[in-house]
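The structure appears below as structure tokens.
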Amino acid sequence: MIPFTVNIKLAARTLTGPLNSHNKPAVDWGWQGLIAQGCHSSILIIDPKTAQTIQVLERHKANVVKVKWSRENYHHSLSSPYSLRLASADAAGKIIVWDVVSGMAHCEIQEHAKPIQDLDWLWNQDASRDLLLAVHPPNYIVLWNGDTGTKLWKKSYAENILSFSFDPFDPSNLALLTSEGIVFITDFSPSKAPGSAGKKVYIASPHSSPAHSKPAAVQPTGAKKALNKVKVLITNEKPTAEAVTLNDCLQLSYLPSKRNHMLLLYPREILILDLELSQTVGVVAIERSGVPFIQVIPCAQRDVLYCLHENGCITLRVCRSTTPLSEETDPEQSVQELVYDLRSQCDAIRVTKTVRPYRAVVCPVNENRAALVVSDGRIMLWELKAHNIKAPTNLSSGLSPLYSPINFCGTPLSRNQKRIPDLSLNTMIGHTLISGVDPPWPTAGQQEVQLKFLLTGLLSGLPLPPFSLRMCPPLTTKNINHYQPLLAVGTSNGSVLVYNLTSGLLHKELSVHSCEVRGIEWVSLTSFLSFATSSPNNMGLVRNELQHVDLRTGRCFAFRGERGNDEPAIEMIKVSHLKQYLVVVFRDKPLELWDVRTGTLLREMAKNFPTVTALEWSPSHNLKSLKKKQMAAREAMARQTTLSDAEQSSIESSVIRSDHIQSSPEKSISIYSYFTLFIITDDHRSLGSMGSIACIAWKGDTLVLGDVDGNLNFWDLKARLSRGIPTHRGWVKKIRFAPGKGNQKLLVMYTDGAEVWDTKEVQMVSSIRVGRNMSYRILDIDWCTSDKVVLASDDGCVRVLEMAMKSASYRMDEQDLTDPVWCPYLLLPRAALTLKAFLLLQPWSGSYTMDIAQVDYHEKDEIKGLVQEHFALNHSFSLDLTQLYLLFHLSLFGDESDLQFWTVAAHYIQSFSQARQLSVPASETQPPAEGSQSVPQGHLDICHDILCESSFFQVRKKVHISQSYVIHLRDVYGDVPLPLQTDRAVQLLLETNADNPSYYCDSLKACLVTTIPSSGPSQSTIKLVATNMIASGKLAEGVQLLCLIDKAVDACRYLQTYGEWNRAAWLAKVRLNPAEASDVLKRWAEHLCSSQVNQKSKAVLVLLSLGCFHKVGEMLHSMRYFDRAALFIEACLKYGVMELIGAAFADYARLLQSMGLREGAALWASRAGGAGEELLEELFQREATDLTPKEEEAGLGTIE
């Protein structure tokens, strides 16, 4: 038999229900792998892998309107550990930064008392990771330090700001969505507020977009007429009255997969804008019968959009370019348009008045999992799966086929590998087709795939209030072996939800009644009675339902049999202390007495029996003590006030005597000895100074009465004393004694809150009141253990609180969860780093195994098992070293910084290694011409932008430039001068209309472009003019002229001098040969390393793309990224693309030694050559003297 352990100590927790409309945008999925969601004034932390709520944060007084996880794009070490940090903002303008594991608020920020419109962490700084940008209504953006709560700067704008979006490629760019248009800020900086008011643009009506014009096939030909195909949407003039205002715009967001692209979401269409061209390059429109959009989430790994519709359906749209740039295509027609094809959709939900979809979030690490938040508190977890298709797609459907990738991190698949597992979006589908860049047909071995959504998890909350609560009988020494702390919650729709309070999960949901549940009483640990009353008919009679439910079998039967139709409503039911007898009290009908075990009616009181207003069973179990208590009760009443004979006889009758229910002389004794009721009836509701008595509680020798005026009367039956206390809190709704022998604590519920009293000392222990220390109203109360109370509130939540009744979050590591949660962020910082180091490195065992079962590591066994499961797929998936690191960070730690580094590193190490094998010179002094490399594995993903290969970059920009001619772009540097484009440029310039203000300028430009080939004096003149233009502040025009005469190197230098570093890097990639481009990019890397910019991590990536691996190794070592430096050098040595840096290995060995992983430290020290000799000697000496206990070697202790 499996031993059953009982967790006697319950953690405080909150069971949540439906959301408030304010909570609509308050959801976020972090790199840490957890989802945060606002529910009224609380914040839920959900583990999407196991679909469990693992934390509820409570400190906000108002509804939560925004939540944001901090980014993980920094190198983690003991000084910068893995931590769960969350920012939340509420409708009263308060921002709280949380330490989620402990449930404590790290800092609180308050500027105004209006709801925060938007909130996000800054992602770009290596120096500070604590900066938080917030939009304070109506028109302020404020930069806060999220660690200290200090305001760094504040800036106001002319219009009301609705939301903002950071440019994922350039930290100085920020777009604000305002009530009138968009404001583009290009000088955003953490150190000071933006100086300018930003560039304000207005959006013309989306109905002028190509989705509403004629089909492309009917378009007129001619270069000028091609402009009609795509209308310009961004204008600097305010739109006229008939134009659609921006209020229709639901969302503005930069595309993380493509530089300088932005999406605007309208209810019936999505517009993709190219910000360089100020032009719409793509439209996703819904046909008339389609369901409108609510939200769009653009992905980074592939140009893919997750769209949420009003029916709760999530659709996946994958981008493809419509116009291939081939020689046969008429260049006049080659305006590239982005089309987003519908590739997959999940099931819709049933939308009602109270149930509607709120928001969707996508996992930022893998981008193949989505969560849908529904207004009734449900969270649906969807996972995207790729399936191989045997038969080719029917091309008549108009969709081009999707193919799986042919490589993983730059390494082609081996022959026996069909497909990469569905680790993330970019391992499921290959590069989306970009015309002119990707071949239209699949390469050998590529498999056609189809995408499908699979529902992998569902979290459901409580239904709408009101609720009635009842905790199961308390834990005793007799039931300790099979006790479960179950809480029954009766709901307004007639169902009873039974929660296990150890895990906080729903144990059973039972549909018991057809109307609102009014009360529940447990009759054993596994069964309960519940009653419900229908709405009254015109005679004031109702249908009463009293049901007996057995939890083990789910059997449910009507306890009162056929009774219950057309009778007065049941007011309350009470079960005796030994669960033998039940009394049922009606509104205008005498009470009934039932035997619970046999289900028989023992007695129905006479019609003249007074109406009962309150009653309680005597806690006594023997006749002797019973008689004493009856005497004491009578004496206490006599002392309370001088009673008349009539009242005295009324009280006599209220203690039900044996002769009331005597059926035979021998039977009366047994029944009498097991139950006695203390009843307050209508004709003596008020005793002495008390008002109408509303409730009674009786435990041991203490009897407590509560009245409608808020008075509590404590009767000590043993000492024969009574004491009245006026609480001045109004009607006492309910009073309950705490469980446990000798525990005399009392819970009292009022209309405006609750109190805990100590009846021994007759004093109040704690109190909560609406408006003072809580924002919700209490609907029902009960004790769940001897020191914890459970409250049901009108915000749809059920809270388990300490006796002090302070709403406090709980420590996550105290939870007894049903399924173990894998999240390294929950471990102690040292534990997480040791676990990471161990998992990355076990070459000492002779193989890169992921079997950690044998390791002497003081960790929870289920966590070990969970890690093992994560790596189960490795048995069917052959990996090399760099891929293993990448897979590890991708699937386990969600480490954004490591993931980005290893993606670029794996690609270029592989790429330069292949170039070297093909005898292409790959020395760092003369980097290999990346365009000439035979690169079978394809290019780096587009989202890496300037880090991509030059060859890919040039082809992609040709496509882009062909569009820019169509739009007569003048302020994009270097676009005029690509070879083979001059004729087209001249043709377009000459076709400018005569009434156009730039007609004269364009004509002169046409002359200039045609005369360039006749070199000689014209070249030097143009160079002189360009230099003068740049000197006089016309940088863009000067750079264009320099590019016209093939002086792109000078153009790059000027751009860098004037601080246009990104433009210079772009131009170098497009126009220069690899050696020249390398010089420009190296200067950029040096600039990124400077203290003013402080983006060394970006500089490392730029150097990686140039193949400067030795420099990268040195930089990582100097930045004290010892683990990353050592692993990177190891990977480079394996591929033969650099020499050893011994100091990095030695420092890494010291780091491992400090963590207690001595075996690993010895291995890396031995590889470090001379630099590691001293450390090796020290390690051997320690081993010889055996100073290190075994526990130290293992690491880190348990999760406490």
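The values are calculated or read from the model by the stated rules, or taken from the named source; none is laboratory data. Computed from a prediction, not measured in an experiment: that's the story for all the values here. All Cβ positions, even for glycine, are placed from backbone atoms using ideal geometry, and neighbour counts span all protein chains on display. Calculation scope for accessible area: heavy atoms of the full protein, side chains included, ligands and nucleic acids excluded. Shrake-Rupley method; radii C 1.70, N 1.55, O 1.52, S 1.80 Å.
Looking at this structure, is Arg603 closer than 29 Å to Gly540 by Cβ, assigned to a strand (DSSP E or B) and either open to solvent by 30 Å² or more (accessible area, probe 1.4 Å) or at pLDDT below 90 (or both)?
Yes.
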Say we look at region 281-295 and pick out the residues that are surrounded by 21 or more Cβ atoms within 10 Å (Cβ to Cβ) and closer than 17 Å to Leu177 by Cβ; which of these is nearest to the chain's Cα centre (by Cα)? Ile294
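One line per residue, one yes/no per condition, for (1) of a type outside the set (Ser, Thr, Tyr); (2) open to solvent by less than 50 Å² (accessible area, probe 1.4 Å); (3) assigned to a strand (DSSP E or B); (4) modelled with pLDDT of 90 or more:
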position	(1), (2), (3), (4)
Arg359	yes, no, yes, yes
Asn366	yes, yes, no, no
Leu372	yes, yes, yes, yes
Asp376	yes, yes, no, yes
Met380	yes, yes, yes, yes
Glu383	yes, yes, yes, yes
Lys390	yes, no, no, no
Ser400	no, yes, no, no
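Tell me the residue from Lys61, Lys66 that is open to solvent by 30 Å² or more (accessible area, probe 1.4 Å) and in a strand (DSSP E or B), please.
On the way: Lys61 fails: in a strand (DSSP E or B).
Residue meeting the stated conditions: Lys66.
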Which one is nearest to Leu10 (Cα to Cα), of the residues in region 460-478 that are part of a loop (DSSP other than H, G, I, E, B) and open to solvent by less than 20 Å² (accessible area, probe 1.4 Å)? Cys472
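Could you please give the count of residues in region 788-807 that are touching a strand residue (DSSP E or B) at 6+ places or on another chain (Cβ under 7 Å) and open to solvent by 10 Å² or more (accessible area, probe 1.4 Å)? Give the steps one after another, and end with the answer.
Step one: filter region 788-807 for residues touching a strand residue (DSSP E or B) at 6+ places or on another chain (Cβ under 7 Å), giving 788-794, 797-805, 807.
Imposing the further condition that a residue be open to solvent by 10 Å² or more (accessible area, probe 1.4 Å) reduces the set to 794, 802-804, 807.
Residues meeting the conditions: 5.
Check Ala1168, Ala1085 and return the single one that is at pLDDT below 85 and either open to solvent by less than 10 Å² (accessible area, probe 1.4 Å) or within 30 Å of Thr1057 (Cβ to Cβ) (or both). Please lay out each step first, then the result.
On the way: Ala1085 fails: at pLDDT below 85.
Testing whether each residue is at pLDDT below 85 and either open to solvent by less than 10 Å² (accessible area, probe 1.4 Å) or within 30 Å of Thr1057 (Cβ to Cβ) (or both) leaves just Ala1168.
Going through Ser1078, Ser1097 one at a time, which residue ends up being touching a His at 6+ places or on another chain (Cβ under 9 Å) and either assigned to a helix (DSSP H, G or I) or of a type outside the set (Ser, Thr, Tyr) (or both)? Reasoning before the result, please.
Values: Ser1078 fails: touching a His at 6+ places or on another chain (Cβ under 9 Å).
Just one listed residue meets the conditions, Ser1097.
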Kindly evaluate Ala754 against the criterion of being open to solvent by less than 10 Å² (accessible area, probe 1.4 Å), part of a strand (DSSP E or B) and over 23 Å from Asn711 (Cβ atoms). no
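Could you grab me the full set of residues in region 527-575 that are assigned to a strand (DSSP E or B), among the aliphatic types (A, V, I, L, M) and in contact with an Asp or Glu (Cβ under 8 Å, 6 or more places away or on another chain)?
Narrowing region 527-575 to residues assigned to a strand (DSSP E or B): 527-533, 542, 544-550, 556-558, 567, 570-575.
Add one more test, that the residue is among the aliphatic types (A, V, I, L, M), and what stays is 529, 532, 542, 546, 549, 558, 570, 572-573, 575.
Selection gives Leu529, Ala532, Val542, Ala558, Ile573, Val575.
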Filter region 49-65 down to residues that are among the charged types (D, E, K, R) and over 14 Å from the mean Cα position of the chain (by Cα) and give me whichever is nearest to Val798 (Cα to Cα). Glu58
Scan of region 930-945 for residues that are closer than 15 Å to Ala300 by Cα and either at pLDDT below 50 or assigned to a helix (DSSP H, G or I) (or both), ordered by number: Ile942, Cys943, His944, Asp945
Name every residue in region 730-751 that is under 17 Å from Ser793 (Cβ atoms), free of Cβ contacts under 8 Å to residues at least 40 places away in the same chain and crowded, with 22+ Cβ neighbours inside 10 Å, in order of residue number. Met749
Going residue by residue through region 185-198, is there one that turns out to be outside any loop (DSSP other than H, G, I, E, B), modelled with pLDDT of 90 or more and surrounded by 13 or more Cβ atoms within 10 Å (Cβ to Cβ)? yes
Do we find that Ile696 is over 30 Å from Asn20 (Cβ atoms) and of a type in the set (Val, Ile, Thr) in this structure? yes
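In region 45-62, what count of residues is obtained for those that are more than 18 Å from Asn500 (Cα to Cα) and touching a strand residue (DSSP E or B) at 6+ places or on another chain (Cβ under 6 Å)?
So in region 45-62, the residues more than 18 Å from Asn500 (Cα to Cα) come out as 45, 47-49, 57-62.
Subset that is touching a strand residue (DSSP E or B) at 6+ places or on another chain (Cβ under 6 Å): 45, 47-48, 57-60, 62.
Qualifying residue count for the region: 8.
Could you list all residues from region 504-520 that are part of a strand (DSSP E or B) and open to solvent by less than 20 Å² (accessible area, probe 1.4 Å)? Break it down stepwise before answering.
Step one: of region 504-520, the residues part of a strand (DSSP E or B) are 505-511, 517-520.
Answer for region 504-520, where residues must be part of a strand (DSSP E or B) and open to solvent by less than 20 Å² (accessible area, probe 1.4 Å): Val517, Gly519, Ile520.
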